[in-house]
Every structure is written in structure tokens, then in C-alpha cells.
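Asks: Right, I'll just put the structure down here and ask away after.
Just so it is clear, none of the values below were taken in a lab; they were calculated from the coordinates. As the structure is a prediction and not an experimental result, all values here were calculated from the model. Here the Cβ positions follow ideal geometry from the backbone for every residue, glycine too, while neighbour counts run over all protein chains shown.
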Amino acid sequence: MALRSRGGWWPALCIGTASIILAVYLLLVTSNWIYLGWHDTLYFFSKSRMWERFWLTVWTATVSTSLSLLIGIPAGYALSRFRFPCCYLVASIIDLPIVVSPAVVGAFLFGITTRFPFDWISEYYGIYIGRNVYGVLLVQFTVTAAFCARLMKASFDMIPTRFEAVSHSLGASPLRTFFKVLLPMAKNGIIASMIVVWARAAAEWEGLMLFVGATEGKTDIMPFAIYLDWNGGMMGWVTSMSIVCILMAVSAISAVKIIGGRSNVW
Amino acid sequence: MSGERHSRKNFNAFFYSFAGFLFLYSAYLFLSNLDQLFVTEAAVKTREITSWGEDREILNQFAGGFWKDPYFWKSLNLTLVITIMTTLIATILGIPTAYALSRYRIPGKSVAEVLFSSLMVMPGSVIGICLIVMFNYGPLWDLQNLLGFRFAHSIFPGMVIASLVLSFAFGMSAWKATFDSVNPRFEQVARSLGSSRWRAFKTVTLPLAKSGIVTGIILAWTRAMAEFSAVLFFCGTFRELPASRFSDFTRFLQMDQADWVSVAVWAQVEFGNIEYGFALAFILVLIGGISVYVMHRIGAKGYVW
């Protein structure tokens, strides 16, 4: 018993710190509900302005997630399995859009949309990428493609290369191995990554602030609309939209926890 | 045999092309904007009308003449000091928290895991609004009135709190994973040999978890440097405030009338000083690039879930 009590202050300190921090974070996340109250929350949730913004967020995030999955899954495989000179440098440059401040990414997108591929697209196809919903998709794609590639790399890293080696030794082609061995094994990781990437796309707004700007009902996805309404002093809208964003993030992460597994970025 | 080699080559080329696309896109995004640093005739003409008096000579130079402006050095100083303070606080609070979440049975542990993971995909504006609502209304507001100071729109408690929220969550993601990966058996052996719980942690678990703790510190610092929205919502900008608004301590540290760097990027671009804004942005890119390169080199892992 003496053994148990000696140095007992350390677990007490750890558990105390953890409880206080957990309480603070819970208060932080629930402060909007406490502020707004039940009746006002219901009032704002029944307004169509809220749900128009919600569907705008959902469809832009879905489109940009699909685009970044198309790029991200093969890129993640390449980053996971191939070794080439300067691979750390290449990986660092691919990671830059998620590591630097998103405001910086917005400023840089503002710079490149006047340049080569973008001016060409707007001239020949009449698709202007800028202060419209295409700009929103570009901002979301820029951030989530890098994020998706990292998560896919982590999902493929979880699978030992031994299975591929066995498949090769039995005479399967690399493509067959990829589709019949690797993808089924990485399935859970890919689905979980997909959900997280979607949530990250729906959370992106700093780039929009510098690059796209606000058009009511066209480019104001929910996190950005929070900023706009906050500037307009509409605290009811701000807090009710924050509640929706928090619910989106928490439900995405809960779904991922149910799927299970682990994944890391960086 | 040669046919198989050929198909292998095509296969590799297919996958390399996607990684190459991402690499080229990112490199093009960050490098093609170097010409934004050069001041154009049109910008000079516009500024004749709009700029504030004595700053005009500075602004009409390469990259807005940022190295001559005390605002730039003060902002960099402010950001570095606050991020280092944030990282220190996050480490001091985060290591016991991560250890407790990893080893002890705490009520609400699964809630904590979902909460810390979901902070990584939560919009920054929501974090900022949550901080504003938490500190500027209700009992914490009354407490501030009683004590006579403000958390929001201040440098010292305010900016540290705003950058701490996400920085702590990112550090935790690495620290908790490290303590999970250290076998608790080693500590039990140390305790059976007569050392106290604290000594067993200090001499057994901590050295084993060292590399993961360093990873968490780098992650926390990088995230604190990349913070934008929470600082923008909770603290705002300080450049236009009168000097009397700042305390002697802030002035002594050369942090008065300065902004968080990524907020300054936004403020300068919105103001029309594009070159100045891009100069600040390139400094952030340089810092972020070096830290992410270090992370890749040492094989750092920050777990999302």
C-alpha cells in the first residue's frame, strides 16, 4: 500500500489537468448552445437561409472532395510506395497548402488565377474562376488535394508491402495487384479518409476571404457566412451556423471512429 | 519478361503523374507569385491617392519595402514570441493530459478523443466565434468585469488563448499516440523495483517517448504559426490603435501596434498593399516549408484519428 501512495501526486496532477482541459474544451464547443438557447436555435434552424447555405456547403465540399480523391488516391499511393531522390522535398512542397496559413493560400490563389491555365480557360471555355462558385471549388480543391494525398499515403502505409510481393510472385500484374489486393485492404482507411477530407473541405473558408469574396447565396459557404454575419452583427445567425458546423465536424469524426483504424497527416 | 517490365513502367508512370501533378500545382502556386513582390506603375499611381502619408515612400519599393517598416519587425517579433509561449504552455499542459488520456480510466475519454479529432476539421471561424461567445458573454464576462481586464482583443491573454486552442489539439494528437505506443509494462517493472509513479514516468516513459514529444512540439508550433481565423476573430488587428492602448510591458517587448503575421497578410492585401502582403506571405511559406521538411526528415506523425 505504501508503494501505491508514493508519488501519487503525479497521477492526480495528470487526471486533474486532463479533466480541467476537457471541461474547458467542452465549454468552448457548447458555448454557442448556452448562448443561443433552445427556442432561438429552433427559430434559426427553421429558416430557409440557413439550409440554402448548408446545401451550398454540402455540394461544394462533395464536388471538391471527389476531385481531390481522383488525384489524391494515386498520389498517395505514389508517395507511400515509391522512393525517389528528394522525396522529402517533394512531399514537403505537396504539403505546403495545408501547413501554411490558409489565408496565405488564398492570397496566392488570388495571384495565380490571372495566369496561364486560368486565363486560358476563361478565354476559350468562358469559365471564369474567381469571384464565383468555381473559385470556392478551387480553394477547397487546393487545400483538400494535399490533405487527401497525405491521408491516403497514411492508409497505404498501414498495409505491409509483403502482400503485394506475394501477389507479384504469383504472377499478377501491378495493376491487378493494386485493384485486387491493395484497394480492398485499404478500403476502410480510404472511406474514413474520404469523410475527413469532406469535413476539411466544408471547413475551408480563409482562402475564400482573400480570393473569392462574398455573394449572398452563391459563394457564402457556412464557415465563411459565419464571418460575414459576424461583421454584420447578426449574432443569432452566427451562433446557429456555428452549431451546424460543429455538428458536421463532430458527426464526421464520430463516423470515422466507428469505422476505426488509425491515420496520420505529416 | 520484357512485357512485364513494360507494364510495370507504365504502372509507375501512371501513379507518378498524379503525385507530379500535385507537386507542380503546389510549386506553381507558391513560386509563380514571386513577381507580385515587384511594385508596378499602376500600383504607384493608385497609391498616390489612397495611401497614408509618410508610408508612401516605403510602399513604393520592392516588396513594399517591408524591411524598413517597424510594423513588419514588430509583427514578426510578436508572432514568434506568442507562438513560442503557446507551444510552451501546450507542452506543459499537454504532456500530463496525453499521459492521463493514454493510461488512466477517465470518464468521458471517448468524448475527449472525438472532440480533439474534430477540432482538426472544424472551421477556424467557428473556433473564433466559440472563443468570443465563451469569453464575452455570461459568467466569464462578469469575471473579467470584476478583475478589470479583457481576454478578447488583447495581446497577452487573448492571442495566446486563440493560438493555443488548435495548437494544443495538434500537439495532443502526437503526444497521445506516443504514450499509447510505449508499453506500460516497463513502468510497472520500474514501480515494482521501488520507484515512485513520478520517477517511473520521468526515468522510463519520458525517455522512450522523447521523439514523439519533440514531434508534438514541432506540430504544435507549426499549427500555432499557421493560425489565422481564431486570432482574427478573437484579437483582431492592432496596427491602427493608439499607442496609449498598449501597456508598458508590450511596448518594452516591441509588440505594440503590430499584428499576427497571417492576419497582417490579410490586412495588407485588403488594403491594396499587395507587395507588402505577399512579402509577409512568403515569410510564412518559408517558415512553414522548413518546419514541414523537418517533420518529414524525422518521420514525424500527427494522428488525425
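Asks: For B:GLY302, what residues show an amide H to amide H distance below 5 Å, using hydrogens built from the backbone and excluding near sequence neighbours?
Replies: Amide H neighbours of B:GLY302: A:VAL265.
Asks: Order by neighbour count: B:TYR99, B:TYR71, A:TYR43, fewest other Cβ atoms within 10 Å first, most last. List each step's numbers first, then the result.
Replies: Working: B:TYR99 26, B:TYR71 18, A:TYR43 13.
Ranking B:TYR99, B:TYR71, A:TYR43 by Cβ neighbours within 10 Å, fewest first, gives A:TYR43, B:TYR71, B:TYR99.
Asks: Under 1.5 on a/c is rounded, so check that first for the stretch B:252-294, then, if it is not, pick prolate when a/b is larger than b/c and oblate when it is not; a ≥ b ≥ c are the square roots of the alpha carbon gyration tensor eigenvalues.
Replies: On the way: a/c = 3.02, a/b = 1.24, b/c = 2.43.
Judged from the Cα gyration tensor, the stretch B:252-294 comes out oblate (a/c at least 1.5, b/c at or above a/b).
Asks: While we're looking at this one, here's another question. Just going by the charge dipole of the stretch A:1-141, with Lys and Arg at +1 and Asp and Glu at -1 on Cβ, which of A:GLY106, A:VAL90, A:TRP51 is farthest out on the positive end?
Replies: Value: A:VAL90.
Asks: Let me ask you something else. Beyond 29 Å between alpha-carbons counts as too far, so tell me which of B:LYS68/B:LYS301; B:LYS45/B:LYS68; A:LYS257/B:LYS301; A:LYS153/B:LYS74; A:LYS257/B:LYS9 fall in that bin. Mind dumping the intermediate values first?
Replies: On the way: B:LYS68/B:LYS301 39 Å; B:LYS45/B:LYS68 21 Å; A:LYS257/B:LYS301 19 Å; A:LYS153/B:LYS74 39 Å; A:LYS257/B:LYS9 38 Å.
Violating the 29 Å Cα-Cα cut-off are B:LYS68/B:LYS301; A:LYS153/B:LYS74; A:LYS257/B:LYS9.
Asks: For A:HIS168, project a label point 7 Å along Cα to C-beta. Then give me every residue of the stretch A:65-80 with its amide nitrogen under 19 Å of that point.
Replies: Within reach of a label on A:HIS168, which here means backbone N under 19 Å from a point 7 Å along Cα→Cβ, the stretch A:65-80 contributes A:74-80.
Asks: Something else: Starting from the Cα of B:THR203, step 7 Å along the direction of its Cβ; do the same at B:TRP141; then give the gap between the two resulting points in nm.
Replies: According to this spin-label approximation, the distance is 5.4 nm.
Asks: Which residue, B:ALA100, B:GLN254, A:ALA255, has the largest displacement toward the positive end of the dipole of the protein assembly as shown when charges sit on each Cβ (Lys, Arg +1; Asp, Glu -1)?
Replies: Positive-end residue among those listed: B:ALA100.
Asks: Restricting to DSSP loop positions (anything but H, G, I, E, B) with no more than 11 other Cβ atoms inside 10 Å of their own Cβ, which trypsin sites (Lys or Arg not before Pro) remain in the stretch B:96-201?
Replies: Numbers: sites: B:ARG103, B:ARG105, B:LYS109, B:ARG150, B:LYS176, B:ARG185, B:ARG191, B:ARG197, B:ARG199; in loops: B:ARG105, B:ARG150.
Taking the stretch B:96-201 and a limit of 11 other Cβ atoms within 10 Å, the loop trypsin sites (Lys or Arg not before Pro) found are B:ARG105.
Asks: How large is the helix-only mean residue ellipticity at 222 nm for chain A, computed as the sum of -39500 (n - 2.57) over DSSP H runs with n ≥ 4, divided by its residue count, in deg cm²/dmol to the nearest 500? List each step's numbers first, then the result.
Replies: Values: 14 runs with 201 residues, N = 266.
When only DSSP H runs of four or more count, the value is -24500 deg cm²/dmol.
Asks: Does chain B come out rounded, prolate or oblate by the C-alpha gyration tensor, with a ≥ b ≥ c the root eigenvalues, rounded set by a/c under 1.5 and, if not, prolate when a/b is larger than b/c and oblate if not? Before the final figure, lay out the partial values.
Replies: Numbers: a/c = 2.38, a/b = 1.22, b/c = 1.95.
Judged from the Cα gyration tensor, chain B comes out oblate (a/c at least 1.5, b/c at or above a/b).
Asks: Apply the Karplus parameterisation 6.51 cos²θ - 1.76 cosθ + 1.60, with θ equal to phi minus 60°, to every residue of the stretch B:275-284 and state each ³J(HN,Hα) to the nearest whole Hz, in sequence, with x for glycine and proline.
Replies: Result, ordered by residue: 5, 4, x, 5, 4, 4, 5, 5, 5, 5 Hz.
Asks: At 222 nm, what helix-only mean residue ellipticity would chain B give, in deg cm²/dmol to the nearest 500, using -39500 (n - 2.57) for each DSSP H run of four or more?
Replies: Numbers: 15 runs with 210 residues, N = 305.
Here the helix-only value at 222 nm equals -22000 deg cm²/dmol.
Asks: Going by the alpha-carbon gyration tensor, a ≥ b ≥ c the square roots of its eigenvalues, is chain A rounded (a/c under 1.5) or, if a/c is not under 1.5, prolate (a/b greater than b/c) versus oblate?
Replies: Numbers: a/c = 1.98, a/b = 1.06, b/c = 1.87.
Because a/c hits 1.5 or more and a/b fails to exceed b/c, chain A counts as oblate.
Asks: Now a separate question. Give the aspartates and glutamates reachable from B:LYS202 as a straight Cα distance under 13 Å; neighbours fewer than 8 places away on the same chain don't count.
Replies: Output for B:LYS202: B:GLU187.
Asks: Give me the inter-chain shielding for A:42-53: mean count of other chain Cβ atoms within 10 Å, whole number please. Walk me through the numbers before you get to the answer.
Replies: Values: counts 0, 0, 0, 0, 0, 0, 0, 0, 0, 0, 0, 0.
That average works out to 0.
Asks: Taking neighbour counts of Cβ atoms within 10 Å as a proxy for exposure, in what order, fewest first, do A:THR239, B:THR46, B:THR250 appear? Write out the running numbers ahead of the final one.
Replies: Details: A:THR239 28, B:THR46 12, B:THR250 18.
Placing the least packed residue first, the sequence is B:THR46, B:THR250, A:THR239.
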